[in-house]
Amino acid sequence: MAGCCRRYDVGLTGYDIIKISRTLDVPPSFFLNVAEYTDEDYIQNVSKSEALFAFTDNSCKHLYRIKLKRVKSTIYETSLKCIFLQEWISEDITKSVFARCGIYNIRPVICSTYPAKFVNDKRTVVIPYVFDRDKNYKESPYELCKRAFIESDFNFDKDEMINLLIKHNYETEFFKSFAEKWNQNPSSVNDFLLEITNLYKNRVYIETEKDNISFISDIA
């Protein structure tokens, strides 16, 4: 049922924005939602793990989080889902609901690591116990898992999971550092999108013998 793709807002980094936009050949406005936050306590909490931005579109009165759009589900009409979540009902007698990520190979880094996270000063990876954590979502589209995880559920290279978490941490910190600089002299949302396009295009370069710099995009 893909409860996590329905239940959570997915925060993005600049890396995610550029990669999805370039691969699908769609403007970021197609899949981005710029969510306003006014609660100072909430802002302080979110800013520890995500980048928040000011924009002149609202006279810089509040800060915004950049995330994937959520749209109304075509099957669970009272619920919302990630814009890229594909869903359908099986043709067999069970009439089960199936759901799959429509951009799995280029999904946001945070999606590729969920629900794993670093602990012990980022020396250890833990996959949290999310089964039945919130009984309010039981038997609903937002239910996370039907049962607790077991090791055989995770058919992946554990070293690769560590690498993905390292990448997520790096991209998050890079985007946060950009936010700090941006917020010192903010501009419009459109200018923001142009700025991150140039930033991520030019953040990897080769030094030549004559110290000329040739820029190489790091977005595959």
Exercise. Could you tell me which numbered condition I20 fails, if it satisfies all but one of (1) at pLDDT 95 or above; (2) part of a strand (DSSP E or B)?
Key: (2)
Exercise. Tell me which residues, restricted to the stretch 23-71, are part of a loop (DSSP other than H, G, I, E, B), hydroxyl-bearing (S, T, Y) and either within 23 Å of Y170 (Cβ to Cβ) or open to solvent by less than 40 Å² (accessible area, probe 1.4 Å) (or both).
Key: S47, S49
Self-check item: R6 touching a Gly at 6+ places or on another chain (Cβ under 8 Å), open to solvent by less than 40 Å² (accessible area, probe 1.4 Å), under 30 Å from Q86 (Cβ atoms) and at pLDDT below 95
Solution: no
Quiz item: What tally of residues in the stretch 138-192 results from selecting those that are of a type in the set (K, R), assigned to a helix (DSSP H, G or I) and open to solvent by 60 Å² or more (accessible area, probe 1.4 Å)?
Solution: 3
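Taking the stretch 100-130, which residues are in a strand (DSSP E or B) and either touching a Phe, Trp or Tyr at 6+ places or on another chain (Cβ under 9 Å) or surrounded by fewer than 16 Cβ atoms within 10 Å (Cβ to Cβ) (or both)?
Listed by number, the residues that qualify are R100, C101, K117, V119, T124, V125, V126.
The values are calculated or read from the model by the stated rules, or taken from the named source; none is laboratory data. None of these values were measured; they are calculated from a predicted model. A quick note on method: Cβ atoms are made from the backbone with ideal geometry, for glycine too, and the neighbour counts reach across all protein chains shown. Ligands, DNA and RNA are stripped out before the accessible areas are found, and what is left, the full protein with its side chains, is counted by its heavy atoms. Shrake-Rupley method; radii C 1.70, N 1.55, O 1.52, S 1.80 Å.
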